[in-house]
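Enquirer: This is the structure, below, for whatever I ask next.
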Amino acid sequence: MRERRNRLIWLSTLLVAALLLGIGYAGDFQINSVTRHTLRTESFCLTQADPTNTEVGIVLLGVDSNGATRIRVSSTQTTLSALPGQYFVSQEFGISGLGLMSSSATVQTAAFVRVVCSTDEQPAGARTNEDVEVKIH
């Protein structure tokens, strides 16, 4: 019983000390700016007749019978391949920057989705509710 009481006193003392240190430090901490990250998606299609997307920097090379789609990255001449529902994994696009939504070997067409993250820095007082609220579905 006595051991339990001593333990409670020790924990209480530790908690009070931590709170006092935290309160003392909070006065010295100031946020000068806020960095906001915005994710957006862009969908686009490439065809045999129009195989190039200059904004993304890719060229459609072809679609195999199983749906596997081959592209060439214009800046590096790297060839990448993915199946529908997969991402083209590379240094240029990371692990989830460019995805293949669907493809057709018959008409040599592929539908892509590009995920872009943009950042901007704002003064701390410029925050709005939409900057704070994050919804993931």
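Enquirer: Taking the Cβ of residue 55 as the center, what net charge do the other residues with Cβ under 12 Å away carry, scoring Lys and Arg +1 and Asp and Glu -1? Could you put the intermediate results ahead of the total?
Expert: Working: positive: 114; negative: 42.
So the environment of residue 55 carries a net charge of 0.
Enquirer: What is the sum of charges, Lys and Arg at +1 and Asp and Glu at -1, for the other residues whose Cβ falls under 15 Å from the Cβ of residue 86?
Expert: +1
Every number in this text was worked out from the coordinates using simple rules, so none of it is lab data. Computed from a predicted structure; not experimentally measured. Neighbour counts are summed over all protein chains in view; Cβ atoms, including those assigned to glycine, are modelled from backbone coordinates with ideal geometry.
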